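The values are calculated or read from the model by the stated rules, or taken from the named source; none is laboratory data. Note that this is a predicted model, so its numbers are computed, not measured. Cβ: placed from backbone, ideal geometry, glycine included. Neighbour counts: every protein chain shown. We work out accessible area using only protein heavy atoms, side chains counted, and drop any ligands, DNA or RNA first. Shrake-Rupley method; radii C 1.70, N 1.55, O 1.52, S 1.80 Å.
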Amino acid sequence: MTQAGGETNEVSISLSGAIDEATRVIIASYIEGYDNVEIIGQKDSIRRAFSNVENKLPGSLMLESDGSVLIKVATSESNVDLNEVINSMANILNSMFNKFIDYLGTGKEDSLKEVLELDDQMDKLYFLALRTIKKLSFRDPKRAIDDTIVVKNLEHAADALDRLSNAFMRVQATQCKREIGEKLRDVWTYIMKAVYAYLDNNINNALKVLLDRERMLNSMLELANMGCTGLSGLLTASIHEGGQLIVALAADIARQPSVGT
């Protein structure tokens, strides 16, 4: 288990051989804060599993011995500033919105590809943030819960933009791109206001976010009922659901009790 004070800790796990199982174990062990994870099982499966997630787990490396594989994590929580990680996640989300809105204005598919690449960076910071929170939670358990909710909501918002980008790459929109851009720009402003209210401990801005939630949800409903005949059902549903989800995530961030403390 994770040690109070962040001492090196380790665990040994035996696996049946499935790649999916090994992937889950590696990610979970990283988030739980283990520094050394010995995995006993089929090495080919463990190698493939680690290869699938290595780029998402900062500081991780794989060492092999005769009977097992050792996943070592060199990242020390003492060298990680959680506020910097959350700020970086916020900046990445900001860039993802910027690229997506740029696509709606220019039609350049490269902008959508950049959104997907930025989501990969978000995943990496997300796992690092969860690991850091877990390792340092003994210092302030209440704040650790708040930080966990915020980083998860940032990651979920990024995933929503990732799904929207994939939907637009599959089905090229020909109608209402300006209207979609205006609505999503409003959503963009809304969630960033919530995030920075949390980071700055600004209770007034947090309250403004909460008071504006109903208007934002109604705005996304208007977009869904706009009747853009050139949009497929997939795009209409993706835009509506993605927008409403991000609005809900923003309001959840604004509710965290660490705001204003």
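Taking a ≥ b ≥ c as the square roots of the Cα gyration tensor eigenvalues, with a/c under 1.5 meaning rounded and otherwise prolate when a/b beats b/c, else oblate, which class fits the stretch 127-217?
oblate
So what is the accessible area of the stretch 6-139 per residue, in Å², with the probe set to 1.4 Å?
Values: 6340 Å² over 134 residues.
Per-residue value: 47 Å².
Compute the angle between helix 213-224 and the longest alpha-carbon principal axis of the chain, please, reported from 0 to 90 degrees and rounded to the nearest 10.
70 degrees
To the nearest 0.05, what FRET efficiency results for N91 and D140 with a Förster distance of 25 Å applied to their C-beta separation?
Values: r = 24 Å, r/R0 = 0.97.
E between N91 and D140, to the nearest 0.05, is 0.55.
Take the Cα coordinates of the chain, assign each an equal point scatterer, and use the Debye formula without solvent to give log10 I(q)/I(0) at q = 0.07, 0.14, 0.16 Å⁻¹.
For the chain, the Cα-only Debye profile gives -0.30, -0.98, -1.13.
Tell me, what ³J(HN,Hα) does each residue in the stretch 13-21 have, in order and in whole Hz, if you take phi through Karplus 6.51 cos²θ - 1.76 cosθ + 1.60 with θ = phi - 60° and put x for Gly and Pro?
Working through the residues one at a time gives 9, 9, 10, 7, x, 6, 5, 4, 5 Hz.
Using a 1.4 Å probe over the heavy atoms of the protein chains, calculate the carbon and sulfur portion of the accessible area of the chain as a whole percent.
48 percent
Beyond a 27 Å Cα-Cα separation, which of these cross-linked pairs lie in this structure: K108/K208; K152/K208; K142/K193; K72/K135; K72/K124?
K108/K208
Compute the long axis of helix 82-106 from its Cα atoms, compare it with the longest principal axis of the Cα atoms of the chain, and write down the angle in degrees, 0 to 90, nearest 10.
40 degrees
Would you mind checking which residues have amide H under 5 Å from N9's amide H? H placed 1.01 Å from N; only 5 or more apart, or other chain.
D35, N36
Nearest 10 degrees is fine. How inclined is helix 233-254 to the longest principal axis of the chain, computing both from alpha carbons?
Rounded to the nearest ten degrees, it is 70.
With a cut-off of 8 Å between alpha carbons and a minimum separation of six or more residues, what is the relative contact order of the chain in percent? Walk me through the numbers on the way to the answer.
Working: 381 pairs, mean separation 46.0, N = 261.
Relative contact order of the chain: 18 percent.
Once you put a point 7 Å from the Cα of N98 and another 7 Å from the Cα of E222, both along the Cβ direction, what distance in nm separates them?
Here the modelled spin labels are 2.7 nm apart.
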